[in-house]
Amino acid sequence: MTKKEFNITGMDCNGCANTITNSVSKLEGIKKIEVDYKTGKARIEYDKKKINTDEIIKKIEALGYKAK
């Protein structure tokens, strides 16, 4: 299992964090996700054989946020 922290910009409330959490957690290979809008960070645990960071970032950005 791989753990990575992403910096996310554009979140301004807990609803934003929930939107990202709900959407990203549905991706195949995502094991755990914690999003904190106050710090602008998302900690994601995933199976790198099933998904990569580019796919995770693409999903977050499709929701209207910036991630790196």
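The values are calculated or read from the model by the stated rules, or taken from the named source; none is laboratory data. These figures come from a predicted structure and were not determined experimentally. For neighbour counting, all protein chains shown are included, and Cβ atoms are generated from backbone atoms with ideal geometry for every residue, glycine included.
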Inset, instruction - Select from segment 1-45 the residues that are basic (Lys, Arg) and either in contact with a His (Cβ under 6 Å, 6 or more places away or on another chain) or surrounded by 13 or more Cβ atoms within 10 Å (Cβ to Cβ) (or both) and list them in ascending order. - result: LYS31, LYS41, ARG43
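Would you be able to tell me the number of residues in segment 9-68 that are of a type in the set (Gly, Ala, Ser) and more than 10 Å from the chain's Cα centre (by Cα)? Lay out the reasoning, then the answer.
Kept after step one, since they are of a type in the set (Gly, Ala, Ser), are these residues of segment 9-68: 10, 15, 17, 23, 25, 29, 40, 42, 62, 64, 67.
Remaining after also requiring more than 10 Å from the chain's Cα centre (by Cα): 10, 15, 29, 40, 62, 64.
So the answer is 6.
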Legend entry - VAL35, sole failed condition from (1) in contact with a helix residue (DSSP H, G or I) (Cβ under 6 Å, 6 or more places away or on another chain); (2) at pLDDT below 95: (2)
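Filter segment 8-26 for residues that are free of Cβ contacts under 8 Å to residues at least 40 places away in the same chain and either under 15 Å from LYS68 (Cα atoms) or in contact with a helix residue (DSSP H, G or I) (Cβ under 6 Å, 6 or more places away or on another chain) (or both) and give the result.
Going residue by residue through segment 8-26, those that are free of Cβ contacts under 8 Å to residues at least 40 places away in the same chain are 12-15, 17-18, 21-22, 24-26.
Matches in segment 8-26: VAL24 only.
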